[in-house]
1. Express the relative contact order of the stretch 3-119 as a whole percentage, based on alpha carbon pairs under 8 Å and six or more residues apart in sequence.
2. Using only DSSP helix segments of four residues or longer, with each worth -39500 (n - 2.57), what per-residue ellipticity at 222 nm results for the chain after dividing by its residue count and rounding to 500?
3. Identify which of the listed values of volume of the Cα convex hull per residue in Å³ was calculated from the structure shown: (1) 112; (2) 101; (3) 128.
4. Roughly how big is the chain's charge dipole about its Cα centre, with Cβ charges of +1 (Lys, Arg) and -1 (Asp, Glu), in debye to the nearest 20?
5. State whether the stretch 52-106 is rounded, prolate or oblate according to the following rule on the C-alpha gyration tensor (a ≥ b ≥ c being the square roots of its eigenvalues): a/c under 1.5 gives rounded; otherwise a/b larger than b/c gives prolate, and the remaining case gives oblate.
Amino acid sequence: MHDDEALVVFDGTCGFCRAAVAYLQRRLVLAAACRPWQGLDLDSVGLTESDTRQSMWYVSTSRRESGPMAFAAWFATGNRTARLIGRFLSLPGARHLAQAVYWLVARNRHRIPGPWEHACTI
């Protein structure tokens, strides 16, 4: 895998996750490919099913990040706005806040109202 082949791995059974990934790719013009972990050869990217059930991942040759830092790494592949957000998320104070928000959303994603409500299988 080369850096230009960076991959974002997310939960494809989660409607909220699918909608969020599609929205962010569109709005922030993010370059990394995005794939649901289901059906992906996880060994080939150095992940386990346990890893991917717990959080989203950004994987490249030189970098492996999970949770909110996966977002920061992913945003670094995008347009100027995305890169600024990614840098901000990497700052020490913002990183702690991003981690708290990420885990709150991750634990409650099946409760977040929207058209994806009944699509989450967790």
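1. Relative contact order here is 30 percent.
2. Taking each H run of at least 4 residues, the total per residue is -14000 deg cm²/dmol.
3. Computed from the coordinates, volume of the Cα convex hull per residue in Å³ corresponds to (2).
4. Working: 14 positive and 10 negative charges, 125 e Å.
Charge dipole of the chain: 600 debye, to the nearest 20.
5. On the way: a/c = 1.85, a/b = 1.10, b/c = 1.68.
Oblate, because a/c is 1.5 or more while a/b does not exceed b/c.
Only the coordinates and a few stated rules stand behind these numbers; no lab work does. Keep in mind that this is a model prediction, so the values were computed, not measured. Note that we place each Cβ from the backbone using ideal geometry, even for glycine, and neighbour counts take in every protein chain shown.
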